[in-house]
Amino acid sequence: MRKTCGTFPVGLEFRFSFFAVLGFMICTDREGVMLLCALGCVMHECGHLAVMLAERRPPSSVVFCGGGIHICGGSTSLPAVIAGCAVNAALFLVFGLIPWENEKIRLFGVCNLLIAAFNLLPLRELDGKRLLDLALIRAFPPEKAVHLSEICEQIMTVIVLPAVILLVFSGYLNFSAVIFFFYILAVDILEKL
């Protein structure tokens with residue numbers, strides 16, 4: 001389902017998996033942590049969009065799916081790529097470091113820090129991969145840059161997957177959360193086929 005607003009120059013697409021994940025979060029998240037993370041993700045993407053619109057290079061669409069929010073097209077400049085993590089870092093500074101009396105406010109700040117850190121991983125379509133690609137393209141010929149980028153992504157995958165498994169078995173991550181993570185990943189991959 002794709003909607004375009006006359007005053008907003010970007011098409012919005014909402015897939016069924018987005019509503020399925022949102023419904024799952026509402027039904028299972030008793031503390032509201034997942035909804036705080038979802039709000040942080042929306043703010044992250046708004047940071048990207050704001051810079052793209054300021055550069056007059058808007059994306060063709062924004063896709064809301066089970067695997068997250070994806071911006072299709074638009075500016076790939078350094079400011080546009082880093083803007084999402086910069087917004088999350090600013091939200092962490094405002095809400096996470098100031099000793100607010102309300103625990104949810106501080107939790108929102110910590111969620112933003114985790115979102116920024118996750119997005120800086122050099123994997124798949126994350127901002128860290130785009131930043132790595134920008135750096136490699138400036139330092140090496142295009143063919144070598146693509147090859148080095150693939151090697152870095154494979155190394156990170158080899159590091160991240162065992163780290164997730166270790167966190168599950170050490171008790172820091174709930175096993176059902178990991179199953180849910182892989183479900184979102186699978187849905188995201190299937191929707192792109």
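Coordinate-derived values only; no laboratory data. Since this is a predicted model, take the numbers as computed values, not measurements. For neighbour counting, all protein chains shown are included, and Cβ atoms are generated from backbone atoms with ideal geometry for every residue, glycine included.
Some values worked out for this structure:
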| quantity | calculated |
| --- | --- |
| Within region 74-93, tally of residues that are of a type outside the set (Val, Ile, Thr) and within 16 Å of LEU131 (Cα to Cα) | 10 |
| Test for ARG56: is it free of Cβ contacts under 8 Å to residues at least 24 places away in the same chain and outside any strand (DSSP E or B) | yes |
| Selected residue (criterion: farthest from CYS72 (Cα to Cα)) from residues of region 127-164 that are of a type in the set (A, V, I, L, M), free of Cβ contacts under 8 Å to residues at least 24 places away in the same chain and touching a helix residue (DSSP H, G or I) at 6+ places or on another chain (Cβ under 7 Å) | VAL164 |
| Residue match in region 17-29 (condition: touching a strand residue (DSSP E or B) at 6+ places or on another chain (Cβ under 9 Å), more than 27 Å from LEU107 (Cα to Cα) and either in a helix (DSSP H, G or I) or hydroxyl-bearing (Ser, Thr, Tyr) (or both)) | no |
| Residue list for region 94-126, restricted to those being in contact (Cβ under 8 Å) with a residue 24 or more places away in the chain, assigned to a helix (DSSP H, G or I), under 30 Å from MET156 (Cα atoms) and out of contact with any His (no Cβ under 9 Å at 6 or more places or on another chain) | LEU107, PHE108, CYS111, LEU113, LEU114 |
